[in-house]
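Q: I'd like to ask you about the structure that follows.
Just so you know, all these numbers are worked out from the coordinates, no wet-lab data involved. This is a predicted model, so every value here is computed, not measured. Cβ placement follows ideal geometry from the backbone for every residue including glycine, while neighbour counts extend to all protein chains displayed.
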Amino acid sequence: MKNPSTAQNISAATRLRLRITAAAETIVRSGHPWLFADSIHELNRAGASGELAVIYDRKDKFLAVGLFDPDSPIRVRILHAGKPQTIDAAWWQARLEQALARRRDLFDAQTTGYRLIHGESDGWPGLVLDHYDTTLVLKIYTAAWLPRLDEMLTLLKENVPCERIVLRLSRNIQAAAEHRTPVRRDGEILFSQRAETMLGAPIIFLENGLRFEADVLRGQKTGFFLDQRENRREVETLARGRRVLNAFSFSGGFSVYAARGGAKSVTDLDMSAHAVESAKRNFALNQNFPGVAACRHETVRADAFEWMASEAEKFDLIVLDPPSLAKRAAEHEGAIRAYERLNSQGIEKLARDGILVAGSCSAHVPAMEFFDAVRRAAMKSGRKFSEFKTLQHPPDHPAAFKEAEYLKVIYLKFET
Ligand code: SAH
């Protein structure tokens, strides 16, 4: 049975219509994808999760259409602003094709793990689609997609070659998903052509020729930090002959690259037992590369802040890629100080001629403020240093508006 709240079943007369504040009108017109609840001053009726909401301007002209989300402060996630458009199956297909076309020439057969849809910045608010070998992982961050999952599944099966589609749910919508009919669960397999016995096993995929495992059913994000691919590649070129510390290593991605690039040793440091075990397996998966086979690999399961404060060992290249230190906007100031402290700790552990690769994945800390915090830590060390690179979003993770910019990495070399 079709969900009665989906747009297809609602006649134009009962279509959910909104009017919004003048300030919000300007923001929506400029292409921003979020309409907050407090910007709405008129609604013709109560809206259901996931139905289409049409926004009209002060002159009663169509302004935009988006997904209604009664349970989120982001009440409407804009799908389209400008001239009126009909959001039907053909529209969704065209939107999907745009995202696929954007990635068409980015990767060769040596990279089979990448992002196909990156949320708002690809025109798919609150939805991510990752490709790992022959598996697709669909992750949703708003309950507004739940009533549309069958529609999306059909669309994906018809347009993206794959053997399996896995559903991932962000933590904040898991309870809502379990109370719906049909029940939806994080890690659920929506579709599979694979043998039953293979369903729970991690996927092995390629990134720049290296083999990595991804736990697509349970792992963080969708199983791997695909967004750091370019930085891992960069670290590979910097690692020759160096003793490398990979702090907040997760499954050791940076380390395997560093080893292939000729690192003398790599130490993976993470507080999660799963992460450390996965880092060992990822190292083992790449023994065919002489650099990886020759590299000494050590894993440490510990709190990175405590371990760095207590260990005397020095390193020649340190990657500091912590989880977001500001989960909410209110934590912004504290996060800046925490980044500065963390990087001071890292710099203390760097040997002469050492390289610091410092990252932040917090959307609430703008790139310039993060870079300045790392530079302050470097200046306070009293050592001679130079900055030689900054990197932000890779092309399969575009950031089309300010709030979407989360990833930034700065590279410093300390001569003394
Ligand atoms: N650099 C990784 C991604 C890092 S994600 C990559 O490229 O794949 C952040 C990691 O930090 C997670 O694996 C998490 O387990 C770990 N972590 C979080 N807090 C930590 C702490 N205090 N000490 C050590 N590890 C921590």
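Q: Give me S344, S49 ranked fewest to most by other Cβ atoms within 10 Å of their Cβ, as a rough exposure proxy.
A: Ordered from fewest to most neighbouring Cβ atoms within 10 Å, S344, S49 come out as S344, S49.
Q: Turning to a different aspect of this structure: At 7 Å along the Cα-to-beta-carbon direction for both N172 and H80, put a label point, then send me their distance in nm to one decimal.
A: Using points 7 Å along Cα→Cβ, the separation is 2.7 nm.
Q: Length gain on complete extension for the stretch A201 to K384, per 0.36 nm per residue less the alpha carbon to alpha carbon distance?
A: 61.1 nm
Q: What does the extension gain come out to for R45 and S30, with contour length at 0.36 nm per residue minus their alpha carbon separation?
A: Roughly 2.7 nm would be gained on extension.
Q: For a quick check, take a GNM of the chain with Cα springs below 10 Å and name the residue from K280, K389, K83 with the largest mean-square fluctuation.
A: Residue with maximal mean-square fluctuation among K280, K389, K83: K83.
Q: Among DSSP bridges having both ends in the chain, what percentage is antiparallel? Round to the nearest 5.
A: Looking only at bridges with both residues in the chain, the antiparallel portion is about 60 percent.
Q: Which value, to two decimals, describes the C-alpha radius of gyration of the chain once divided by 2.2 N^0.38 Å?
A: After normalising by residue count via 2.2 N^0.38 Å, the value is 1.06.
Q: What is the calculated FRET efficiency for R180 to Q392, with r their C-beta to C-beta distance and R₀ = 41 Å, to the nearest 0.05?
A: Efficiency for this residue pair is about 0.65.
Q: Right, another one. Specify the inter-centroid distance of the stretch 44-91 and the stretch 283-302, based on alpha-carbon positions, in whole Å.
A: Cα centroid to Cα centroid, the span is 51 Å.
Q: Okay, moving on. When only DSSP loop residues count, what trypsin sites (Lys or Arg not before Pro) in the stretch 47-130 have their Cβ near at most 12 other Cβ atoms within 10 Å?
A: Passing both the DSSP loop test and the Cβ count: R58, K59, K61, R104.
Q: Now for a separate question. Tell me the relative contact order for the chain as a rounded percent, counting alpha carbon contacts under 8 Å between residues six or more apart.
A: Value for the chain: 10 percent.
Q: Going from the alpha-carbon gyration tensor of the stretch 20-87, what semi-axes, largest first and in whole Å, does one get by taking the root of 5 times each eigenvalue?
A: 16, 13, 12
Q: OK, next. What is the stretch 316-416's relative contact order, in percent, from Cα pairs under 8 angstrom and six or more apart in sequence?
A: 35
Q: For the stretch 96-181, what is the Kirkwood estimate of the hydrodynamic radius, computed as the reciprocal of the mean inverse distance between distinct Cα atoms, to one decimal in Å?
A: So the Kirkwood estimate lands at 13.6 Å.
Q: On full extension of the chain, what length is gained from R233 through A22, given 0.36 nm per residue of separation minus the C-alpha to C-alpha distance?
A: 71.4 nm
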